[in-house]
Amino acid sequence: MSGLFATLRQTARLMVGLPDYDAYLRHMREHHPGQPAMNRTQYFRDRQEARYGGKNGGRCC
């Protein structure tokens with residue numbers, strides 16, 4: 001049951017645009033053990049820039 005709750009929570013966060021920091025940390029630990037991970041604030045900003053287009057907020061004009 002807790003696995004279902006975790007999946008639903010992750011799905012809900014992704015639906016509203018909140019990236020999964022814990023999954024990022026697991027990925028970094030498993031695939032890039034020698035590299036430092038971003039802190040939560042840096043990660044959130046990085047994901048926002050990737051989603052909305054960076055410096056100008058994703059606006060075309």
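The values are calculated or read from the model by the stated rules, or taken from the named source; none is laboratory data. Note that this is a predicted model, so its numbers are computed, not measured. Because the Cβ atoms are built from the backbone with ideal geometry, glycine has one as well, and the counts that use them run over all protein chains shown. We work out accessible area using only protein heavy atoms, side chains counted, and drop any ligands, DNA or RNA first. Shrake-Rupley method; radii C 1.70, N 1.55, O 1.52, S 1.80 Å.
Miscellaneous remarks
- Output for the stretch 2-23, where each listed residue is among the charged types (D, E, K, R) and within 9 Å of the chain's Cα centre (by Cα): Asp20, Asp22
- Pairs linking a residue in the stretch 24-39 that is open to solvent by less than 60 Å² (accessible area, probe 1.4 Å) to a residue that is not in a helix (DSSP H, G or I), with Cβ atoms under 8 Å and 6 or more positions apart or on different chains, are Tyr24/Ala37; Tyr24/Met38; Leu25/Ala37; Met28/Gln35; Met28/Ala37.
- Restricting attention to the stretch 14-44, the residues that are modelled with pLDDT under 90 and in a helix (DSSP H, G or I) total 6.
- Inside the stretch 40-57, residues that are open to solvent by less than 90 Å² (accessible area, probe 1.4 Å), over 16 Å from the mean Cα position of the chain (by Cα) and on the phi < 0 side of the Ramachandran plot make up a count of 1.
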